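*Asks:* Sharing a structure, written as structure tokens. Questions coming.
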């Protein structure tokens, strides 16, 4: 892209505070002066934590609904750890499953605070891993920026303090971690995640059947890499969450748009050196425009704030790009993918949104929350070379559909 961070003007109509605009530039200047942007490369892995017993079912779900396939399995003192890959140049996916149902760490402690997160107290998106040229120096520089890292002995799960991987502590604003490694991603054995092990014959058979199902449905070759991930935060913490991520990464603030119909905004950060987000997916932050207690005066929609009140600050969905094209005279590829998954019983929140006629446009849809990760899967087709990141109309419809599915009835407050 060749983005000049100090001259790039953010897109969108969402007005940010002087505080945000001032520190956005100060963060870029400090990153450049410290050499952080020269050290950090692409986002290279996403991490998801699931309940004991949900590891294999989740891998099976991913085998049908995403391009991720198992490449390595490991056992640590506390977890089974699965490493999955799609295209070699796209980020890996790491799935962690506790060995014991009673396992407790900060993930369970956080989830137990929120009514709709308690049913799967160990299920949570954990965060991302960035490639760095020098792991020790990266940590030293970020600690000079007041970033805290997990140290050996701090965590029950020693994955966060491995020699090859270092992680920030969970964010106060998103509850996500950011990790770093200088190890190559071709061979996960080199990361020393634990003792390698093989799935049982029955487990291997299940995964092969799930992969074969995706091929039989005719969709596996159409679902490409991760386009973006979207975290939901509280209204008053939107700017802090974005600035914190800019401090932790080499991403830049692409811009933000108000989604007036849903009383929210969509805020996008992207990697400045990739021309295709699948090589280093965009990270999106969504938040209400007004906090719930103030909104009681206005009585406007607030599905994003309700989600945080019900599930906690966390990742809401992961979006996968669908190959652009016409599957038939009447169907775009994304329509076909969704129809095939629906025929297999995969539930979606609404119809596919967007037109994709003869002009550049988007077609998108949300699945229901995964029973294993609590994440929504989004499919997005960028039609006819669509150059923007999203359309407000589509986001409003998707947000409304998700909000209707994420309600919590408590006393006389229905949110």
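*Asks:* Do you know which residues across the range 274-328 are part of a strand (DSSP E or B), farther than 26 Å from residue 130 by Cβ and out of contact with any helix residue (DSSP H, G or I) (no Cβ under 7 Å at 6 or more places or on another chain)?
*Replies:* Hit for the range 274-328 is 326, nothing else.
*Asks:* Right, next: Residue under question is residue 293, and the condition is that it be surrounded by 24 or more Cβ atoms within 10 Å (Cβ to Cβ) and over 14 Å from residue 233 (Cα atoms); does it hold?
*Replies:* Taking the combined requirement at face value, the residue does not satisfy it.
*Asks:* I'd like the full set of residues that are in contact with a strand residue (DSSP E or B) (Cβ under 7 Å, 6 or more places away or on another chain) and either surrounded by fewer than 21 Cβ atoms within 10 Å (Cβ to Cβ) or farther than 20 Å from residue 57 by Cβ (or both), limited to the range 75-85.
*Replies:* Once the filter is applied, which keeps residues that are in contact with a strand residue (DSSP E or B) (Cβ under 7 Å, 6 or more places away or on another chain) and either surrounded by fewer than 21 Cβ atoms within 10 Å (Cβ to Cβ) or farther than 20 Å from residue 57 by Cβ (or both), the range 75-85 yields 75, 78, 80, 85.
*Asks:* Taking the range 217-262 as the region of interest, how many residues are touching a helix residue (DSSP H, G or I) at 6+ places or on another chain (Cβ under 7 Å) and more than 28 Å from residue 85 (Cα to Cα)?
*Replies:* Residues flagged as touching a helix residue (DSSP H, G or I) at 6+ places or on another chain (Cβ under 7 Å) and more than 28 Å from residue 85 (Cα to Cα) within the range 217-262 amount to 9.
*Asks:* What number of residues in the range 353-382 are touching a residue at least 24 places away in the same chain (Cβ under 8 Å), in a loop (DSSP other than H, G, I, E, B) and over 14 Å from residue 65 (Cβ atoms)?
*Replies:* Final tally of qualifying residues: 6.
*Asks:* May I pose another question? May I ask you to say which residue of 142, 116, 59, 162 is touching a helix residue (DSSP H, G or I) at 6+ places or on another chain (Cβ under 9 Å) and closer than 18 Å to residue 226 by Cα?
*Replies:* Within the list 142, 116, 59, 162, the selection yields 59.
*Asks:* May I pose another question? Any chance the range 228-242 includes a residue that's more than 22 Å from residue 322 (Cα to Cα) and part of a loop (DSSP other than H, G, I, E, B)?
*Replies:* yes
*Asks:* Out of (1) modelled with pLDDT of 95 or more; (2) over 22 Å from residue 276 (Cα atoms), what's the single condition that is false for residue 377?
*Replies:* Among (1) modelled with pLDDT of 95 or more; (2) over 22 Å from residue 276 (Cα atoms), the lone unmet condition for residue 377 is (2).
*Asks:* Given the conditions (1) modelled with pLDDT of 95 or more; (2) within 26 Å of residue 108 (Cα to Cα); (3) in contact with a helix residue (DSSP H, G or I) (Cβ under 8 Å, 6 or more places away or on another chain), and given that residue 213 satisfies all but one, which numbered condition is not satisfied?
*Replies:* (2)
*Asks:* In addition: For the range 161-193, which residues satisfy the criterion of being over 28 Å from residue 111 (Cα atoms), within 23 Å of the chain's Cα centre (by Cα) and part of a helix (DSSP H, G or I)?
*Replies:* Across the range 161-193, the qualifying residues are 188, 191.
*Asks:* Taking strands (runs of 3 or more DSSP E) that fall entirely within the range 24-97, which contain at least 3 residues that are in contact (Cβ under 8 Å) with a residue 12 or more places away in the chain and under 19 Å from the mean Cα position of the chain (by Cα)?
*Replies:* Qualifying strands (runs of 3 or more DSSP E): 40-49, 79-85.
*Asks:* Residues 207, 199: which one is more than 22 Å from the chain's Cα centre (by Cα), surrounded by 17 or more Cβ atoms within 10 Å (Cβ to Cβ) and assigned to a helix (DSSP H, G or I)?
*Replies:* Testing whether each residue is more than 22 Å from the chain's Cα centre (by Cα), surrounded by 17 or more Cβ atoms within 10 Å (Cβ to Cβ) and assigned to a helix (DSSP H, G or I) leaves just 207.
*Asks:* May I ask you to list the residues in the range 123-141 that are closer than 22 Å to residue 184 by Cβ, surrounded by 15 or more Cβ atoms within 10 Å (Cβ to Cβ) and touching a strand residue (DSSP E or B) at 6+ places or on another chain (Cβ under 9 Å)?
*Replies:* Of everything in the range 123-141, those that are closer than 22 Å to residue 184 by Cβ, surrounded by 15 or more Cβ atoms within 10 Å (Cβ to Cβ) and touching a strand residue (DSSP E or B) at 6+ places or on another chain (Cβ under 9 Å) turn out to be 126, 127, 128, 129, 130, 131, 132, 135, 138, 139.
*Asks:* Looking only at the range 135-160, count how many residues are assigned to a helix (DSSP H, G or I), farther than 19 Å from residue 41 by Cβ and over 22 Å from the mean Cα position of the chain (by Cα).
*Replies:* Total satisfying the criteria: 2.
*Asks:* Could you check residue 407 against (1) assigned to a loop (DSSP other than H, G, I, E, B); (2) modelled with pLDDT of 65 or more and say which number it fails?
*Replies:* For residue 407, the exception is condition (2).
*Asks:* Tell me which residues, restricted to the range 261-298, are in contact with a strand residue (DSSP E or B) (Cβ under 9 Å, 6 or more places away or on another chain) and over 30 Å from residue 39 (Cα atoms).
*Replies:* Selection gives 262, 263, 264, 265, 287, 288, 289, 295.
The values are calculated or read from the model by the stated rules, or taken from the named source; none is laboratory data. Predicted model only: the values in this text are computed from it and were never measured. Cβ coordinates were reconstructed from backbone atoms using ideal geometry, including for glycine residues, and neighbour counts include every protein chain displayed.
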